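Trainee: Below you'll find the structure I mean.
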Amino acid sequence: MDRREFLKVSAAAGAYAILASPWEASAQDQEPWFDRPMRWAQLVLVENDPGRFDPDFWLDYFQRVHADGVCLSAGGVVAYYPTEVPLHHRSNWLGDSDPFGYLVQGCRKMGMAIIARTDPHAAWENVHREHPDWLAVDAQGQKRRHWSNPELWVTCALGPYNFEFMTGVHQEIMERYQVDGIFSNRWAGHGICYCEHCVANFRAFSGMELPRTNDRHAAAYQKYYQWETARLKELWFLWDRTIRQAKPTSRFIPNGFPDHVVTGALSDIFFTDHQARSGVIPPWSNGKRAKELRATMGMKPLGGIFSIGLEERYRWKDSVQSEAEVRVWVAEGTANNMRPWFVKFSGTLYDRRWLHVVDDIYQWHYRAEPYLRNVAPLARVAMVYSEQTDRYYGGQRWQEQSRGHALGMYHALIESRIPFEMVNDRLLDAEHISPFRLLILPNIAALSDGQCEQLRQYVRSGGSLVATFETSLYDERGEPRKDFGLGDLFGVSFEGSLDGPMRNSYLRLRKDPGTGGFHPVLKSLEDAGRIVNGIWRLHVQPQAEFPSPVTLIPTYPDLPMEHVYPRQDDTDIRELYLRETGAGRVAYIPWDIDRTFWEIMAVDHGRMLRNVIDWAAHEDPPVQVTGPGVLDVTAWRQKNSMTVHLVNLTNPMMMKGPFRELFPVGEQKVRVCIPRGSTVTKVHCLVAGTTLDHRLDGQWIDFTVPSVLDHEVVALDLTT
Ligand SMILES: [Zn+2]
């Protein structure tokens, strides 16, 4: 399939943005700046910074690290310029200074794109006194004091504070400073607000009272979610329109929006606010955010905000993380086509250790820039994600921890070193999914009839599917179906019941009695005979002929030890359904292999998932990397080159940070499929700075990367 198809997807998403938005009239007469900045800097001022911090230090630093985009605190809770908007609180330290204006002027001289930051989530006593109706109200009817700073009040995001007051603030900032955009932090509210405006507006929208519960299955709560999303979209439109009136190329950029499809359609540029790890999360989590947004934004520019401090829930906002942790987090973003955006809170520095880390990363990024301006990913496999499943599915015991399905599948793909993209389940049209040979559905439970039909069409045109557990067993609102929406593709029907939580249950792995050989899904498991089963399994009835490489060994006692022996050595109940459907292949796994993998990380489950994916994809992956360690492998096309990113995740702190130090992995043998009609003129490592010998083998090129510390990018220069 042609890589250009992916570009068409981005173009189509752009076209949708214009159709869906009210501002197409002004979209013409402008020079878009969105794609220009590659390295972002964000300085979040604190109230006592004015007069105390050194703005020239920051301007010098931005220049030194080649930052070409900047986000600067302007207003909202605190104004860092001499605002005239009534009730807009000027910093108590502002005097007659204008630190925001000073920084804007300095950054403009350096040719940087400039975004003003506002934060509308909190207000002062003067607002409480003069416009008490602008504040958020809790379920008990009390105005909400700010949870962290009781001097302040929490504002209502969906009422006049945002729609009127903040619109005035945004207008003033634009008129005075002509910035390229406004980025609002915490603009979307903090839980349900019961103020008089929200009560009346929700009643007008739904005829219902505001929900008193967070039970996402309750009708009022589902309605509330729809209303909240519509209201936030209205606010986005209003602020964007206000901003464009002052400067047509400028944009409102929300920090997050509850719907990725809307985000992709409405944004020319976006940023992920996933600043660092906390608790148990692998570093690939940063790349996952990028993939999720790319699924709806195409190749429009995406910044990855990273914190130089710890991001744990105790919120040490003035802290500094270890160098190794910052490096791997940013590398994950870069390998996944995000542009780095560092954020520093407070213009006054308490700990300077991070300065050289960001400097090093950005200097390299600047040198490598032509190879980081990607035009399309080369992945042939995509994992589907479903916001409607996250929202509407759940409530049963076997549906607890349902996010583990996607996380387990993601981790299996990382360990398998398969370059992959993600696909949003509401964008399953041919344009979005035809670049891919295989779609993976990790318990994508809630799917409409229309979505099932799109997947059927995809398989009819030669695409392949891997699906697990309750995929398509619910409609788009999470209402259960009697049978799978995709039952005809899976070749099975649901019997209406399930087993679990299973203890001490296994899977029998056996040769095909016909051929006497092992099915490819059992590769490297040939001498096992059996492996552990998952935790929950659906009862399904085959409606077609299937091979039986994997069958059920039912649970048997795990105590007393004298009684730990299988009561049934084997059954004819398959635990894996494999079908060829014309040019495509469908693998359906009726148990929670992906969620179980996330929970127990059994090597055999990872191995089997990889085998099933390889079998279903039914072609050589465009990039194959063999060698020790855990690497995230991504591959990209640029205008005159292609790149393979290798992010070394091999570290004792891989699942829970922070990394203490980086450990190099040894020799990686790489095999890459080069585009037809292209010749490779040079293969070189952009981090090590070395040129690699390579061998050509038809469409394939082979080379060896001697070592990877944190991140290596191998560039293949192409001529056509
Ligand atoms: Zn409200």
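Each reported figure results from applying straightforward, stated rules to the coordinates on display, with no laboratory input. Quantities reported herein were computed from a predicted structural model and do not represent experimental measurements. No Cβ is skipped: glycine too gets one built from the backbone with ideal geometry, and neighbour counts run over all protein chains shown.
Trainee: In whole Å, what three semi-axes, largest first, describe the equivalent ellipsoid of the range 545-597 built from its Cα gyration tensor (square root of 5 times each eigenvalue)?
Mentor: 30, 14, 5
Trainee: Could I ask something else about it? Please provide three numbers in whole Å: the alpha-carbon extents of the range 589-628 along the principal axes, with the largest listed first.
Mentor: Principal-axis extents of the range 589-628 (Cα, largest first): 29, 26, 12 Å.
Trainee: Something else about it: Give me the Kirkwood hydrodynamic radius of the range 289-401, using the inverse of the mean 1/r over all pairs of distinct Cα atoms, in Å to one decimal.
Mentor: In the range 289-401 this quantity evaluates to 16.8 Å.
Trainee: Which chymotrypsin sites (Phe, Trp or Tyr not before Pro) does the range 375-418 hold that lie in a coil by DSSP with at most 11 other beta carbons within 10 Å?
Mentor: When the chymotrypsin sites (Phe, Trp or Tyr not before Pro) of the range 375-418 are filtered for loop state and at most 11 Cβ neighbours within 10 Å, nothing remains.
Trainee: Determine the equivalent ellipsoid of the range 130-254 by diagonalising the alpha-carbon gyration tensor, then write out the semi-axes as square roots of 5 times the eigenvalues, largest first, rounded to whole Å.
Mentor: Largest first, the range 130-254 gives 28, 18, 12 Å.
Trainee: Which chymotrypsin sites (Phe, Trp or Tyr not before Pro) in the range 249-342 pass both tests, a DSSP loop state and at most 13 other beta-carbon atoms within 10 Å?
Mentor: Of the chymotrypsin sites (Phe, Trp or Tyr not before Pro), the ones in loops of the range 249-342 whose Cβ has at most 13 other Cβ atoms within 10 Å are Tyr314, Trp316.
Trainee: A follow-up question, please. Using just the C-alpha positions of the range 339-420 as equal point scatterers, what log10 of I(q)/I(0) does the Debye formula give at each q in 0.21 1/Å?
Mentor: Normalising to I(0) and taking log10 leaves -1.00.
Trainee: For the range 552-616, state which trypsin sites (Lys or Arg not before Pro) are in a DSSP loop and have at most 14 other beta carbons lying within 10 Å of their beta carbon.
Mentor: Sparse-neighbourhood loop trypsin sites (Lys or Arg not before Pro): Arg567.
Trainee: Taking 7 Å along the Cα-to-C-beta vector as the label spot, tell me the Asp215-Phe546 distance in nanometres, rounded to one decimal.
Mentor: Between Asp215 and Phe546, the simple spin-label model gives 3.6 nm.
Trainee: Say the dipole of the range 262-383 comes from +1 at the beta carbon of Lys and Arg and -1 at that of Asp and Glu; which of Leu355, Ala324, Val381 then lies farthest toward its positive end?
Mentor: The one lying farthest along the dipole's positive direction is Val381.
Trainee: Along the positive direction of the dipole of the chain (beta-carbon charges: Lys, Arg +1; Asp, Glu -1; about the Cα centre), which of Tyr556, Tyr314, Val459 reaches farthest?
Mentor: About the Cα centre, the residue reaching furthest to the positive side is Val459.
Trainee: Return the tail of the calculated pair distribution for the range 574-705, meaning the percent of Cα-Cα pairs more than 25 Å apart.
Mentor: 44 percent
Trainee: On a 0 to 90 degree scale, rounded to 10, what angle separates helix 196-206 from the longest Cα axis of the chain?
Mentor: 40 degrees
Trainee: Evaluate the Debye formula for the chain with equal point scatterers sitting on the alpha carbons, no solvent, and hand back log10 of I(q)/I(0) at q = 0.06 Å⁻¹, in q order, two decimals.
Mentor: Taken in order of the listed q values, log10 I(q)/I(0) reads -0.38.
Trainee: Assigning unit charges at the beta carbon (Lys, Arg +1; Asp, Glu -1) and nothing else, what dipole magnitude in debye, to the nearest 20, does the chain show about its Cα centre?
Mentor: Using Cβ point charges on Lys, Arg, Asp and Glu, the chain gives about 520 debye.
Trainee: Find the centroid of the Cα atoms in the range 65-134 and in the range 227-260, then give the distance between the two in whole Å.
Mentor: The range 65-134 and the range 227-260 have Cα centres separated by 19 Å.
Trainee: Using only the alpha-carbon atoms of the range 380-459 as identical scatterers, what base-10 log of I(q)/I(0) does the Debye formula give at q = 0.14, 0.17, 0.21, 0.25 Å⁻¹?
Mentor: These q points yield log10 I(q)/I(0) values of -0.47, -0.69, -0.99, -1.24.
Trainee: Show me the three semi-axes of the equivalent ellipsoid for the range 628-720, from the C-alpha gyration tensor (sqrt of 5 times each eigenvalue), largest first, rounded to whole Å.
Mentor: Semi-axes from the Cα gyration tensor: 27, 12, 11 Å.
Trainee: While we're looking at this one, here's another question. Would you mind checking the tilt of helix 284-297 against the longest principal axis of the Cα atoms of the chain, expressed as 0 to 90 degrees and rounded to 10?
Mentor: Here the helix axis deviates by roughly 80 degrees.
Trainee: Measure of size requested: the Rg and Dmax of the range 441-498, with Cα atoms as the atom set and Å as the unit; please supply both.
Mentor: 10.7, 33
Trainee: Let me ask another. How large is the direction-averaged shadow of the alpha-carbon convex hull of the range 457-599, in nm²?
Mentor: 10.2 nm²
Trainee: Mind checking the angle between helix 403-416 and the chain's longest principal axis? C-alpha axes, 0 to 90 degrees, to the nearest 10.
Mentor: 70 degrees
Trainee: If the only charges are +1 at each Lys and Arg Cβ and -1 at each Asp and Glu Cβ, what is the size of the charge dipole of the range 323-420 around the Cα centre, to the nearest 20 debye?
Mentor: Dipole magnitude for the range 323-420 comes out near 180 debye.
Trainee: Tell me, what does the Kirkwood hydrodynamic radius of the range 608-671 come to in angstroms if you use every pair of distinct C-alpha atoms?
Mentor: 14.0 Å is the Kirkwood radius here.
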